[in-house]
Amino acid sequence: MSEVIEVDVVVVGAGFAGMYMLHKLREQQLNVQVIEAGDDVGGTWYWNRYPGARCDVESMEYSYQFSEELQQQWNWSERYAAQPEILKYASHVADRFDLRDNIQFERRVVSASFDESCHKWLVTTDQGDRYKATFCIMGTGCLSSTNLPDFAGLNDFKGNWYHTGQWPKEGVDFTGKRVAVVGTGSSAIQSIPHIAAQAAHLTVFQRTANFSIPAHNGPLADDFVRQIKSEYAEFRKENRNMHGGFGSRFVRSKESILSVGDDEREQQFEENWALGGFQFLNAFADLSSSTETNQFAADFVRKKIRAMVDDEATATLLCPEQIIGCKRLCVDIDYYQTYNRPNVSLVSVKDNPIQGLTENGLMTTEQEYEFDIIVFATGFDAMTGSLLKMDISGKDGATLADKWHAGPHTLLGLQVNGFPNLFTISGPGSPSVLSNMVVSIQQHVDWISDCIAHMRLNSFTYIEAELAAEQAWVKHTNEIADRTLYPTCNSWYLGANIPGKVRVFMPYVGGLPAYAKKCDEVAKRGYEGFLMQSGGLR
Ligand code: NAP
């Protein structure tokens, strides 16, 4: 067994969260060890290298804001950045702030246990490394544990299969191949046009049709970039005050859809469709308030799908039946048009589920389909998957898996009662996936960093979310989620995509500004709801 290495803090993951956490803690002269499974930084943008992978938040906003020099000097090339450019950015940040020395790559954390006698975490990796640290901070990401359905015969298939969330670094050549894509979520919707352009034939297996809005991507105009950079701090502040932490340069309508006539409604939808991406749902103030108001927007998009897809039967299959915005809205480039290609076909597996893989391809309850390559765009065990894959035990040896058997319980998505000195960056119960992730990450990292500084100043060595405060936060997050339409569809926000996972709406739906205000108030009141103690340390 390897010798135990003592550090102040172990950070798990070197994505956007882990990198910034390391930077902030080093500013406090803390000895930090980051542990990362990949062989470089970037997190989600390291693993999701599938063709067409691109961010659905605009590049001038999906980036760090802690360094004015960084945000002034870095140049994005497109309105929505593609994965290679985001990964290059992550690498640039690692170089610029000299982060790699404190990151141990190609190591996966397998366990973390709290030692009450000394108030320290013992963290172990799959390579047998052992670290002892006062604080353990999870920067493991919300969408990093891939979901591969439990299909029979995965090893029988003679061709190659891939998951979009664990794409090989060397890429995949689809030229002349018969390809299957399973799934029609964001990852599928982004990759399908690219795969179709190469493959001899592409068959898409769809269980549930999704709503997708065109991105209207393009190169960034110099004038636009110059204007944003001339007042970047102000622009960032305005975005932090937006519900999702992005989109301040667009108008969010305050008007009810029920107050306008047919022509005005259509015109407003057209205008917001032309803006692209998530802006579509800001056409009216109340599109997400009721099924009645939502129906107008859903009908508009279904009409657009029918206009874009030539074959009527295919268009009908592509028209989603659920509420728009209930599952995460997709943002695409030429997704629907791809079905007009002669080498693309769509198979609905709603009533004829995929049973498994065979030697030659895929078998549904209806028939076998032959392929050379199968791409699983089947998503993630979101928000809790990566945390629960590790064996995490807190006070009295209680495990996180047991604690969360009825769904994740946290205080502010930052800490869990019974697991002292453990922090979760963008954990369940925080805005996370409902917001611009980089903004939420930065808000969490700043809060955790300030909290640790406060503890050191006051010689505290122990912090734990109090049970009553945690219960009140969980109650509040559930109550506000239940007031929305979100719980009405089978989304990964609810864990509904994972067989057997408890159905609980995991992110905080009250918006980033209200959430950040609450976090600030808690800190100002001496970290109200968190128990801090001295003793045990160093
Ligand atoms: P996803 O949205 O969960 O989609 C998974 C797809 O696989 C769904 O269509 C699902 O069908 C299907 N599926 C799962 N198991 C299946 C089975 N056994 N048989 C047939 N179909 C099956 O996953 P994702 O597309 O990877 O996206 C996840 C999230 O990652 C997104 O919502 C987004 O937040 C993020 N993301 C963002 C970007 C971006 O920034 N542009 C890009 C990619 C991903 P059902 O719907 O019926 O379950």
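The values are calculated or read from the model by the stated rules, or taken from the named source; none is laboratory data. Values in this document were obtained by computation on a predicted structure and should not be read as measured data. So basically every Cβ, Gly included, is an ideal-geometry build from the backbone, and we count neighbours across all protein chains shown.
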Practice prompt. Hey, could you check region 324-342 for residues that are of a type in the set (D, E, K, R) and closer than 10 Å to PRO193 by Cβ and say which is nearest to the chain's Cα centre (by Cα)?
Written response: ASP332
Practice prompt. With the checklist (1) surrounded by 14 or more Cβ atoms within 10 Å (Cβ to Cβ); (2) farther than 24 Å from TYR20 by Cα; (3) in the same structural domain as SER491 (by TED's automatic domain parsing) in hand, flag the one item SER117 doesn't pass.
Written response: (1)
Fill in: Candidates ASP156, ASP173, ASP150, filtered to the one that is modelled with pLDDT under 95 and not in a helix (DSSP H, G or I)
ASP150
Discussion item. I'd like the full set of residues that are more than 16 Å from the ligand (Cβ to nearest atom) and surrounded by 20 or more Cβ atoms within 10 Å (Cβ to Cβ), limited to region 31-60.
Written reply: VAL32, GLN33, VAL34, ILE35, GLU36, ALA37, VAL41
Response to the item:
Within region 364-386, residues within 12 Å of the ligand (Cβ to nearest atom) and of a type outside the set (D, E, K, R) come out as THR364, THR365, ILE374, VAL375, PHE376, ALA377, THR378, GLY379, PHE380, ALA382, MET383, GLY385
Worksheet item: When region 326-350 is examined, which residues are found to be near the ligand (Cβ under 10 Å from one of its atoms) and within 30 Å of LEU275 (Cα to Cα)?
Response: LYS327, ARG328, LEU329, CYS330, VAL331, ASP332
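Tell me, which residue of region 214-246 that is in contact with a strand residue (DSSP E or B) (Cβ under 8 Å, 6 or more places away or on another chain) and outside any loop (DSSP other than H, G, I, E, B) is surrounded by the fewest Cβ atoms within 10 Å (Cβ to Cβ)?
Residue satisfying both the conditions and the ranking: PRO219.
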Item to complete: Among the residues of region 351-361, write down those that are more than 10 Å from the ligand (Cβ to nearest atom) and of a type in the set (A, V, I, L, M, F, W, C).
Response: LEU357
Practice prompt. Within region 61-107, work out how many residues are closer than 25 Å to GLY244 by Cα, away from the ligand (no atom under 15 Å from the Cβ) and hydrophobic (A, V, I, L, M, F, W, C).
Written response: 4
Response to the item:
Among the residues of region 160-205, the number that are over 26 Å from ILE498 (Cα atoms) and away from the ligand (no atom under 16 Å from the Cβ) is 16
Item to complete: State whether the residues of region 433-454 include one that is on the phi > 0 side of the Ramachandran plot, out of contact with any Asp or Glu (no Cβ under 6 Å at 6 or more places or on another chain) and touching a residue at least 24 places away in the same chain (Cβ under 8 Å).
Response: no
Worksheet entry | Subset of region 373-402 (residues that are over 13 Å from ASN147 (Cα atoms) and assigned to a helix (DSSP H, G or I)) | LEU387, LEU388, LYS395, ASP396, GLY397, LEU400, ALA401, ASP402
Worksheet item: Give me the pairs: first residue in region 354-366 and closer than 16 Å to TYR162 by Cα, second residue within 12 Å of the ligand (Cβ to nearest atom) and among the aromatic types (Phe, Trp, Tyr), beta-carbon distance under 6 Å, and six or more apart or on different chains, which are they?
Response: GLY356/PHE151; LEU357/PHE151
Discussion item. Which condition from (1) assigned to a loop (DSSP other than H, G, I, E, B); (2) modelled with pLDDT of 95 or more is the one that SER253 breaks?
Written reply: (2)
Worksheet, complete the sentence: Within region 127-159, restricting to residues that are in contact (Cβ under 8 Å) with a residue 12 or more places away in the chain and exposed (fewer than 13 other Cβ atoms within 10 Å of the Cβ), the one that is farthest from the ligand (Cβ to nearest atom) is GLY128
Fill in: region 206-239, residues that are β-branched (Val, Ile, Thr) and either assigned by TED's automatic domain parsing to the domain that holds SER77 or more than 16 Å from the ligand (Cβ to nearest atom) (or both)
VAL225, ILE228
Worksheet item: Which one of the conditions (1) surrounded by fewer than 19 Cβ atoms within 10 Å (Cβ to Cβ); (2) within 23 Å of SER144 (Cα to Cα); (3) in contact (Cβ under 8 Å) with a residue 40 or more places away in the chain does GLU370 fail to meet, given that it meets all the rest?
Response: (2)
Worksheet item: In region 299-308, is there at least one residue being more than 16 Å from the ligand (Cβ to nearest atom), under 21 Å from ASN490 (Cα atoms) and touching a residue at least 24 places away in the same chain (Cβ under 8 Å)?
Response: yes
